[in-house]
Amino acid sequence: MTDLITPVGAEPASDAPTGASERRGWLILAALLVSVLVPAAGMFADVEREIVGLLAIVMMLGLIFIKAPVAVALMVPGLLGTLALRGFPAMKSGLTDLPYNSTATWTLSVIPMFVLMGLLLWQSGITTRVYDTGRDWLGWLPGGLAIGTNFAGAGLSAVSGSSIATTYALARVGVPEMIRAGYDKRLAILAVAVSGLPGQLIPPSIMLVIYAGIAEVPVGPQLMAGVGPGVLVALVFAVVIAGMSMVFPRLTNVTGDVAAKPRTTWADRWRSLGGAWSIPVLIGIIIGGIYSGTLTVTEAGAVAALVAMLLTLFYKRNDKPFAAIGQASVSTVASTGAIFFLIIGATMFSRMLTLSGVTRGIGEWIIDMELPSWQFLLLMTLIYLIMGMFLDPLAMMLLTVPILIPTLEILDISLLWFGVFVVFMGELAVLTPPVGILAYIIHNITKDPAVNRGTDISLRDVFVAIAWMMPASILIVVILIVFPEIATYIPDHTGG
């Protein structure tokens with residue numbers, strides 16, 4: 001979701017050759033004509049309503065591929081399709097009533113609470129503390145530094161709500177530490193790349209909240225559904241890293257200079273654990289409060305945000321604490337506005353698809369294929385892997401979930417389980433090339449000599465490390481399909 005807000009001062013380059021700029025401008029104009037005007041003209045032709053819906057999907061994809069904001073790419077075809085199907089009064093209603101009705105709900109009020117909590121924790125500077133704790137307690141295992149990075153990322157991304165922010169921080173801290181200890185550069189990259197994968201599953205998760213809004217399921221149970229799968233992801237990758245380290249000892253320099261390995265005393269372990277106590281406390285407040293029924297989702301988010309504010313005041317007490325809180329608050333307003341803008345666009349688009357009959361038609365087509373639910377889910381796994389190479393997680397979710405909900409209900413697939421599935425596949429999307437932004441972020445960070453410690457780390461090395469993690473990722477999906485109770489057990493037994 002970092003792409004939704006343009007950083008201040010991010011100006012386009014002004015030294016590009018004039019000819020190249022003109023050609024680029026003509027190409028963008030041509031793409032705009034093909035992706036917008038042609039489908040729009042087709043919508044208002046004498047065609048079946050299902051064709052209108054399909055043309056709207058084509059327009060939406062075209063807008064995304066020419067880098068239009070995702071919310072705009074959803075709103076424009078949604079409004080035009082509604083105009084073509086039901087006329088101006090229906091489109092006017094979509095502009096006047098729908099933005100308020102789709103966002104002014106109590107369940108969505110948890111979003112600014114979670115965003116504020118994550119930004120406050122980020123301002124407080126807990127990244128190094130969490131990493132040190134994972135390293136000190138797990139460094140004795142085969143591939144221990146990589147496993148520590150994996151678990152540190154799980155805890156950090158859970159409370160920060162951002163896989164990108166977590167990966168950025170851990171890459172700067174973890175990669176040089178692992179390279180110094182003799183780890184293979186690709187294993188170091190792998191550990192950092194997978195460190196954020198559980199983060200959007202373990203509460204609080206903005207992506208699961210957005211999914212709950214789209215699928216119209218209760219936010220509390222949806223958040224609880226991510227707990228088991230989030231822990232599963234962290235454990236599976238820890239086992240994979242340990243297994244790789246034992247089978248291929250050269251990846252962790254087991255046969256190399258033992259003096260380069262960190263030696264940690266029990267005093268170091270307890271000291272580092274004391275520095276990271278805030279993470280389990282916050283996760284305990286959110287999960288414990290919701291699971292026991294003591295707190296609603298929004299109340300748990302508010303309490304966690306308050307605790308995060310107190311932690312920021314404590315950790316930044318000698319370094320302008322109120323400025324840090326102010327910066328986090330301003331960023332929260334901007335991020336929340338961007339998220340709500342997306343929800344409005346998704347609602348417009350999904351309602352148009354319902355009016356066109358596309359959602360019902362796709363559901364009937366899948367039913368006619370007579371696929372059992374597990375085959376359908378394996379098919380969706382393949383589709384999401386392909387989509388993830390070209391679309392970001394939000395675009396994948398907003399495009400597919402409204403279309404698939406009727407089919408999921410017919411196949412008796414839990415909407416709570418599917419939310420976990422689609423969010424995890426979206427997390428893979430930010431890693432898989434050619435669009436996976438995390439791959440390029442990691443590569444850019446590792447070009448810093450302070451990070452790579454003189455080791456040449458190419459983009460190919462990053463892609464190879466990501467390829468190493470894909471079999472384990474597919475294994476996790478298969479486990480979730482075979483044992484859906486991993487996701488549904490806790491919400492089924494939630495007290496409130």
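When you count, for each residue, the other Cβ atoms within 10 Å and take the mean per peptide, how do 218-226, 84-92, 136-144 rank with the highest first?
Working: 218-226: 26.0, 84-92: 15.1, 136-144: 20.9.
Highest-to-lowest ranking by the protection proxy: 218-226, 136-144, 84-92.
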Legend entry - Counting all C-alpha pairs of region 46-139, share separated by more than 23 Å (%): 55 percent
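What number, rounded to the nearest 500 deg cm²/dmol, is the helix-based mean residue ellipticity at 222 nm of the chain, given -39500 (n - 2.57) per DSSP H run of at least four residues and division by all its residues?
Details: 26 runs with 367 residues, N = 496.
Per the formula, -24000 deg cm²/dmol.
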Legend entry - Sulfur and carbon atoms: percent of accessible area, the chain [1.4 Å]: 67 percent
Inset, instruction - Give me the number: length gained by fully extending R86 to D412, i.e. 0.36 nm times residue separation minus the C-alpha to C-alpha distance, one decimal in nm. - result: 114.2 nm
Inset, instruction - Mark the label point 7 Å from the Cα of I479 along Cα→Cβ and return the residues of region 413-432 whose backbone N is within less than 19 Å of it. - result: 417-429
Inset, instruction - Just order 109-116, 371-378, 280-287 by mean Cβ neighbour count inside 10 Å, highest at the front, would you? - result: 109-116, 280-287, 371-378
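Counting only heavy atoms of the protein chains, get the accessible area per residue of the chain (1.4 Å probe) and round it to a whole Å² value. Can you show the working numbers first?
Numbers: 21630 Å² over 496 residues.
So the chain comes to 44 Å² accessible per residue, rounded to a whole number.
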Inset, instruction - Consider just the alpha-carbon atoms of the chain and return their Rg together with their Dmax, both in angstrom. - result: 23.4, 77
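Averaged across orientations, what area in nm² does the convex hull of the alpha carbons in region 290-429 project?
Mean projected area of the Cα convex hull: 11.5 nm².
Over all directions, average the projected area of the Cα convex hull of region 396-496 and note it in nm².
Numbers: hull surface 36.7 nm².
Averaging across all directions leaves 9.2 nm² for the Cα convex hull.
Sum up the charges of everything whose Cβ sits under 12 Å from the Cβ of V52, counting Lys and Arg as +1 and Asp and Glu as -1, but leave V52 out.
On the way: positive: R49, R86; negative: D46, E48, E50.
Result for the neighbourhood of V52: -1.
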Inset, instruction - For region 195-342, just run the numbers: alpha carbon Rg, then divide by 2.2 N^0.38 Å, N being how many residues it has. - result: 1.34
Legend entry - Approximate spin-label separation L37-S93, in nm, with each point projected 7 Å along Cα-to-Cβ: 3.3 nm
Inset, instruction - Could I have the simple spin-label model distance between L379 and E299, label points 7 Å from Cα toward Cβ, reported in nm to one decimal? - result: 4.4 nm
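Take each of the peptides 344-351, 290-297, 475-482, average the number of other beta-carbon atoms within 10 Å over its residues, and list them starting from the highest. Walk me through the numbers on the way to the answer.
Values: 344-351: 23.4, 290-297: 18.8, 475-482: 16.2.
Sorting 344-351, 290-297, 475-482 by mean packing, highest first, produces 344-351, 290-297, 475-482.
The values are calculated or read from the model by the stated rules, or taken from the named source; none is laboratory data. Computed from a predicted structure; not experimentally measured. Heads up, the Cβs are rebuilt from the backbone with ideal geometry, glycines too, and the neighbour counts pull from every protein chain shown. These accessible areas exclude ligands, DNA and RNA; they are computed on the full protein's heavy atoms, side chains included. Shrake-Rupley method; radii C 1.70, N 1.55, O 1.52, S 1.80 Å.
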